[in-house]
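Inspection log for the structure reproduced underneath, given as structure tokens.
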Amino acid sequence: MRFTNNEQKLTEKELFEFEKEFNLKLPESYRNVILEYNGGSPEKKYINGTDILFLPIKYGNYNINKIIRLSINFLPKGFFPFGEDLVGATFCISLNKEDYEIIYLVDETGEIKLVAESFEDFMNELSDDPDY
């Protein structure tokens, strides 16, 4: 799947340093996508009636590095914010041992919804149909 509106590519070293700084172990399937595109809009961008914008790890004005620092008290412990929809909900990958790699959507009220059992399933569920 191709992405548009992405930021400058990350190096493996930059991603490793990011993971080390925040003490993260990101799923390999997510690492592959972020190393290739570093955020942006996937060509198939709809899931469960909403669209997703993948956030870059670094570069650009609005990136995950900044979001983690701002949302530390808003997102549940172990939730890694990797994308957003147009109304302000945040797509997260759980990095918790008991539900590692499960994808959740956290809306602006804090409500949490299960979206996919893994990042790979999430990517496979994306559609180009806005009604999907």
Taking first residues from segment 24-47 that are without any contact (Cβ under 8 Å) to a residue 40 or more places away in the chain and second residues anywhere that are surrounded by 15 or more Cβ atoms within 10 Å (Cβ to Cβ) and small (Gly, Ala, Ser), the pairs with Cβ under 8 Å that are 6 or more apart or on different chains are Gly39/Gly60
Among the residues of segment 96-110, the number that are in contact (Cβ under 8 Å) with a residue 40 or more places away in the chain and either charged (D, E, K, R) or touching a His at 6+ places or on another chain (Cβ under 9 Å) (or both) is 1
- Query: Quick one: is Leu105 within 22 Å of Gly49 (Cα to Cα) and open to solvent by 40 Å² or more (accessible area, probe 1.4 Å)?
  - Reply: no
Pairing a residue in segment 1-21 that is more than 15 Å from Leu55 (Cα to Cα) with any residue that is in a helix (DSSP H, G or I) and open to solvent by less than 80 Å² (accessible area, probe 1.4 Å), where Cβ atoms lie under 7 Å and the two sit 6 or more apart in sequence or on different chains, gives Met1/Met123; Glu12/Leu35
Of the candidates Asn48, Asn32, Asn65, the one satisfying the condition of being of a type in the set (S, T, N, Q), open to solvent by 30 Å² or more (accessible area, probe 1.4 Å) and more than 23 Å from Gly88 (Cα to Cα) is Asn32
Note: among Asn96, Asn73, just one is more than 21 Å from Lys58 (Cβ to Cβ), of a type in the set (S, T, N, Q) and either within 11 Å of the chain's Cα centre (by Cα) or modelled with pLDDT under 95 (or both), namely Asn73
Taking first residues from segment 111-132 that are within 19 Å of Arg2 (Cα to Cα) and second residues anywhere that are of a type in the set (Ser, Thr, Tyr) and modelled with pLDDT of 95 or more, the pairs with Cβ under 7 Å that are 6 or more apart or on different chains are Phe119/Ser29; Phe119/Tyr30; Glu120/Ser29
Going through segment 113-132 in order, the residues found to be within 15 Å of Tyr46 (Cα to Cα), open to solvent by less than 100 Å² (accessible area, probe 1.4 Å) and in a loop (DSSP other than H, G, I, E, B) are Leu126, Asp129, Pro130, Tyr132
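The values are calculated or read from the model by the stated rules, or taken from the named source; none is laboratory data. Note that the coordinates shown come from a computational prediction; the quantities given were computed from them, not determined experimentally. Note that each Cβ is placed from the backbone with ideal geometry, even for glycine, and that neighbours are counted across all protein chains shown. Ligands, DNA and RNA are stripped out before the accessible areas are found, and what is left, the full protein with its side chains, is counted by its heavy atoms. Shrake-Rupley method; radii C 1.70, N 1.55, O 1.52, S 1.80 Å.
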